[in-house]
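The structure appears below as structure tokens.
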Amino acid sequence: MSSLLDRLPSGSRVSVIRLRSLGDCVLTTPALALLKQHRPDLKLRLVVEPRFAQVFEGNTDVDMISEDVAHADLALNFHGGTRSMGMTLRTLARYRAGFAHHRYSFIYSHKIPRAQEILGVERPVHTAEHLASAMFWLGVPRTEIPRAKLTASPLRESRPYAVIHPFASAPEKAWPVERFVEVALHLRAACGLEPHIVAGPGDDAGPFSRFYVLQSAPIGEVKNLMAGAALFLGNDSGPAHIAAAFGVPVVVLFGPSDPVTWAPWRTESQVLTSRGGIEQITFEDVISAVESLKVRA
């Protein structure tokens with residue numbers, strides 16, 4: 001039986017609806033690479049909120065980046081919320097695909113089953129595997145899932161540096177700030193790595209005033225900073241996935257999130273967890289993880 005992709009004529013228009021958030025956007029790029037490698041003739045429109053559009057800028061697998069849909073031959077909904085369902089319908093696509101577990105999946109012409117069923121496994125899967133499995137189900141031949149694909153202009157610093165992201169979207173996902181300061185000082189003194197701090201608009205970067213701080217910067221600037229780093233250290237968050245996309249060694253601290261699902265993808269890494277909560281991870285635990293990666297100036 002022919003696959004859905006086999007039914008698409010050459011040059012067909014495909015709208016991939018992603019919308020947000022940072023980590024999800026980064027981990028969508030392996031799936032896009034698989035699709036474009038198999039069908040380079042397809043015209044891919046990536047539908048994403050403007051604040052995350054720079055994740056995909058420069059990506060040769062994407063033909064157009066937009067905050068809204070246009071007429072398409074295939075609409076692929078990777079988001080799954082109510083707004084994205086409306087967008088899926090507005091494409092007027094003959095073929096509408098999305099995961100069967102989405103709340104309003106009755107609007108899909110093709111419901112994508114669980115990743116475990118597609119991949120033939122019964123284990124928790126990584127988000128990159130979950131999204132890539134959709135491409136295999138649509139007709140892309142099974143192959144190794146690549147690293148996330150981002151483009152950047154790496155910074156040229158006078159000395160090697162480590163990027164630290166000591167903030168998180170929720171208190172239970174955030175390791176104590178004062179311990180990040182301790183680790184930053186250790187990286188400078190013992191490893192010869194100059195700490196560079198990444199902070200968002202609402203983050204209090206005051207405790208890191210003795211270091212370089214990149215705050216409220218566009219994603220493009222964060223990519224440039226990350227691409228030249230010798231090490232990334234931070235809480236489970238989107239910047240960790242940006243670092244992994246550039247092959248930067250990563251140490252990431254997890255709170256309640258599942259590290260199997262959200263661990264750094266295809267880069268050398270150390271994942272730290274604690275059953276008692278993220279605050280139970282010690283300074284010594286983090287230093288040991290950094291040392292195991294053998295990163296030096």
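Each reported figure results from applying straightforward, stated rules to the coordinates on display, with no laboratory input. All values derive from a computational prediction rather than experimental measurement. Backbone-built Cβ (ideal geometry, glycine too); neighbour counts: all protein chains shown.
Side notes on the structure shown:
- The range 1-46: C-alpha pair distances exceeding 15 Å, %: 48
- Cα long-axis angle, helix 127-138 against the chain (0 to 90 degrees, to the nearest 10): 20
- Taken one residue at a time, the phi angles of the range 102-110 give Karplus couplings (6.51, -1.76, 1.60, θ = phi - 60°) of 4, 4, 10, 5, 5, 7, 7, 7, 9 Hz. Gly and Pro are set to x.
- For the range 242-297, the list of trypsin sites (Lys or Arg not before Pro) that fall in a loop by DSSP and count at most 13 other C-beta atoms within 10 angstrom reads 275, 294, 296.
- Counted charge near residue 32, where neighbours are those whose Cβ lies closer than 10 Å (Asp, Glu -1; Lys, Arg +1): +2
- Radius of gyration (Cα atoms) of the range 5-138, expressed as a multiple of 2.2 N^0.38 Å: 0.96.
- Acute angle (nearest 10 degrees) that the helix 283-292 long axis makes with the longest principal axis of the chain, alpha-carbon atoms: 70
- Between amide H atoms placed 1.01 Å from N, distances below 5 Å from residue 212 occur with 197, all of them 5 or more places distant or on a separate chain.
- Size of the range 141-228 from its Cα atoms: along the principal axes, largest to smallest, the extents are 49, 35, 25 Å.
- A simple packing score, the average count of other Cβ atoms within 10 Å per residue, orders the peptides 22-34, 97-109, 122-134 as 22-34, 122-134, 97-109, with the highest score first.
- In nm, spacing of pseudo-spin labels at residue 143 and residue 63 (7 Å Cα→C-beta vector): 1.9
- Cα-based Rg / Dmax (Å) for the chain: 20.1, 63
- Relative contact order computed over the range 117-231 (Cα-Cα under 8 Å; 6+ residues apart), in percent: 30
- Available extension along the chain between residue 83 and residue 2 is 26.1 nm, counting 0.36 nm per residue and deducting the alpha carbon span.
- Against the chain, whose longest principal axis comes from its Cα atoms, helix 22-38 is set at around 50 degrees.
- For residue 270, the amide hydrogen comes within under 5 Å of the amide hydrogens of 250, 251, 252, counting only partners 5 or more places away or on other chains and with H modelled in the peptide plane.
- Cα-based Kirkwood hydrodynamic radius, the range 96-144, one decimal, Å: 11.2
- Which of 288, 86, 127, positive extreme of dipole for the chain (C-beta unit charges): 86
- Highest-first arrangement of 231-239, 71-79, where packing means the average Cβ count within 10 Å: 231-239, 71-79
- Here the sum of -39500 (n - 2.57) over DSSP H runs of 4 or more residues, divided by the residues of the chain, equals -8500 deg cm²/dmol at 222 nm, to the nearest 500.
- Value of relative contact order over the range 5-138, rounded to a whole percent, pairs C-alpha under 8 Å and six or more apart: 25
- The relative contact order of the range 161-292 comes to 25 percent, based on Cα pairs under 8 Å that sit 6 or more residues apart.
- Pair residue 157, residue 177: separation of 7 Å Cα→Cβ label points (nm): 2.1
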